[in-house]
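For reference, the structure discussed in these notes is given below.
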Amino acid sequence: MNVKRVNGEPDHSSSRFICWSKQSRNALCAAVISVVAMVTAAGAASAAAPPLPQRLSDTGLFVAGSTSEIAPGSVAFSPQYPLWSDGAQKRRWIALPPGTFIDAARADAWEFPRGTRLWKEFSVGERVETRFIERLQDGSWRFAAYVWNQDRTDAVLVPEEGTTTVAARGRRYAIPAEADCRACHEGAPVPVLGFSALQLSSDRDPLAPHAEPATGVDLRSLAARGVLKNLRADLLEQPPRIATASPSERAALGYLHGNCGHCHSRPDASGASVPVSVVLAQSVAEPNSAAAVVKSLVGAPSRFRPLGAQRATQLVVPGASHASVMPLRMRSRDARVQMPPLGTDMPDLEALALIERWIDHSLQQRREPQP
Amino acid sequence: MNATTPTRSPLTSIRIGAAALLCAATALPVLAADPATTTVEDKLARGKYLVTIAGCNDCHTPFKPKQGGGAEPDMSRMLSGHPESLAMPPAPELPNGPWKVVSAGTNTAWSGPWGVSFTANLTPDPETGLGRWTFRNFKDTIRTGRHMGRGRPILPPMPIPMYKNMTDDDLEAVFSYLQSIPAISNRVPEPLAPSAVPVAGNP
């Protein structure tokens, strides 16, 4: 079995990835793909990982010869609580090797098969960069970014230390270093952040800031296609949602989960979560997850001391967003102060308004005795 | 904690710091450990050795006046970082020229083009030091140059570009040793951005 090569690199753009579309129902197609998978997997397992392709078009995202037509094996998805990226428009895809599946036995930490690839395309008026994550045969993950050329005909691999480019209207656009990719993605139990039980729930939050249209890829559709297995039956029957007292609190906690929960994650054996008491990641496995997040925030002392503060500060003071450290740091874009600490140069004003409303009204009402 | 009276000139401080960094850069590859035969005692000893020769005390232990002149690390405050009781006055404004950096006499506060940085509390105090840190947090911090491995950039003069080349075994030895020293409660101030730095004579 030959694997086509482009510029010395295997061409993953055609047969290697499983078809999740209607074609995948074709038994003959599936059989051929399975044979290819066995051959390529056997070869890959005994060899070191090949270097990253120099061009995005060689990573398997597009059909051969195109940088606009998505390969059949690459499936678009849309997390319900997207990460704020200074207003950039984003598209995302995932591809699994043929015959493999995601093991959801750990509901909050899915096990992705080796060979999993994900892409996220950033556009500011036009395509600027595409980020790429791949799980290698030894189980490790690698991270890369590709910057689109001026003609937008292809994107080239960015050096490990990152780079800057110019987006529409002359705006400076920073592309992260590989270490910065790891700083965010490796804080969570699994470095795939937007493809999870909560993010792909069909019970989507209508108030989620910057929400993008659903793609139809959700827990049930993945399970029906056989690419998601061992997910708890109750999560299929009743898609997960953040259990809160009000819709605005649900959206606020969802935003914090999607934007902060990968570093402020739930402590686990990896020891990678930041060593502070505030936990912002939700859990679909624990019914009290939302309450635990609120408890870790409200009234908790902050290690951070704003300039000139003489006394200890609190992360969240119900009814007083102006006295709360959390929105202060979300609003700042001073590298020493800002939250998130990287990946954004502009505060998310829509989300800030949501968080401040939640602090000033929802939390305040909860504290006041109800008549 | 009591404030320490600055006794050294900024130039002296910089020289000491530079010498320490040079020692660190040249001495780190020495004494490669064999993890298979390393005992806890071995690891702590190697960690202490690395912390000593890498110059960690030079900035993370406040200096105090030395009898007979000069200054020395105040080992009663070993590795506890910039004393929270020592509120720094505005940094002197340097004229345009090759001089760019000044430091406190304690060697724990530094002012330069990046703003003002204060050296961290490396003792295992859970609230103000590394008491809640995991080894993974420590390793990620050195490797990425970000606070807690994921947060704000770690500022000069911390020699991250050198230290990030340490092996995992060496980093584990350093972390194990740091977790074994006496905990000291000392909340180090947050760094100041250049725009937030009060300048003497120009409030």
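Only one of the numbered conditions (1) touching an Asp or Glu at 6+ places or on another chain (Cβ under 8 Å); (2) under 22 Å from A:C263 (Cβ atoms); (3) modelled with pLDDT under 95 is not met by A:L200, and that is (3). If you check B:G69, B:G97, B:G81 for being touching a helix residue (DSSP H, G or I) at 6+ places or on another chain (Cβ under 9 Å) and either under 19 Å from B:L171 (Cα atoms) or not β-branched (V, I, T) (or both), only one passes: B:G81. Taking the numbered list (1) closer than 16 Å to A:K120 by Cβ; (2) among the aliphatic types (A, V, I, L, M); (3) modelled with pLDDT of 95 or more in turn, A:A188 passes all entries but (3). Whenever a residue of the range A:90-118 is on the phi > 0 side of the Ramachandran plot, its partners that are in a strand (DSSP E or B), lying with C-beta atoms within less than 8 angstrom and at least six residues away or across chains, give the pairs A:G115/A:E134; A:G115/A:R135. Only one entry of A:L342, A:L280 meets the criterion of being closer than 21 Å to A:E186 by Cβ and touching a Leu at 6+ places or on another chain (Cβ under 7 Å), and that entry is A:L280.
Look at (1) aliphatic (A, V, I, L, M); (2) within 7 Å of chain A (Cβ to nearest Cβ); (3) in contact with a strand residue (DSSP E or B) (Cβ under 7 Å, 6 or more places away or on another chain) and you find that B:L155 fails only one, number (2).
Can you tell me which residue within the range B:72-111, out of those that are more than 30 Å from B:K48 (Cβ to Cβ) and among the small types (G, A, S), is surrounded by the most Cβ atoms within 10 Å (Cβ to Cβ)? Among those residues, the one meeting the criterion is B:S111.
To keep it simple, each residue is scored yes or no on (1) buried (at least 21 other Cβ atoms within 10 Å of the Cβ); (2) away from chain B (no Cβ under 14 Å).
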position: A:N259; (1), (2): yes, no
position: A:R266; (1), (2): no, no
position: A:V284; (1), (2): yes, yes
position: A:G299; (1), (2): no, yes
position: A:F304; (1), (2): no, no
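Going through the range B:122-141 one residue at a time, which ones are more than 11 Å from chain A (Cβ to nearest Cβ) and surrounded by 21 or more Cβ atoms within 10 Å (Cβ to Cβ)? Matches in the range B:122-141: B:L122, B:T123. Only one of the listed residues (A:L157, A:L193, A:L198) is of a type in the set (A, V, I, L, M) and farther than 27 Å from A:R106 by Cα. That residue is A:L157.
Just one residue in the set B:M162, B:M166 is assigned to a loop (DSSP other than H, G, I, E, B), more than 14 Å from every other protein chain (Cβ to nearest Cβ), out of contact with any strand residue (DSSP E or B) (no Cβ under 8 Å at 6 or more places or on another chain) and farther than 25 Å from A:Q338 by Cα; that residue is B:M166. Quick one: in the range A:168-195, of everything that is without any contact (Cβ under 8 Å) to a residue 40 or more places away in the chain and within 11 Å of chain B (Cβ to nearest Cβ), which residue is nearest to A:H257 (Cα to Cα)? Across the range A:168-195, the extreme among qualifying residues is A:R182. The residues listed here are A:D360, A:D334; of these, the one that is touching a residue at least 12 places away in the same chain (Cβ under 8 Å), out of contact with any Cys (no Cβ under 6 Å at 6 or more places or on another chain) and among the charged types (D, E, K, R) is A:D360. What number of residues within the range A:216-257 are touching a residue at least 24 places away in the same chain (Cβ under 8 Å) and crowded, with 16+ Cβ neighbours inside 10 Å? Total meeting the criteria: 22. As a summary of the residue check, A:P159 satisfies the conditions (1) over 29 Å from A:H264 (Cβ atoms); (2) outside any loop (DSSP other than H, G, I, E, B); (3) not aliphatic (A, V, I, L, M) except for the one numbered (2).
Flag: A:S277 matches the condition of being out of contact with any Pro (no Cβ under 8 Å at 6 or more places or on another chain), outside any helix (DSSP H, G or I), hydroxyl-bearing (S, T, Y) and within 13 Å of another protein chain (Cβ to nearest Cβ).
The values are calculated or read from the model by the stated rules, or taken from the named source; none is laboratory data. This structure is a prediction, so every number in the text was calculated from the model and none was measured. As a convention, Cβ positions derive from the backbone with ideal geometry for all residues, glycine included, and neighbour counts pool all protein chains shown.
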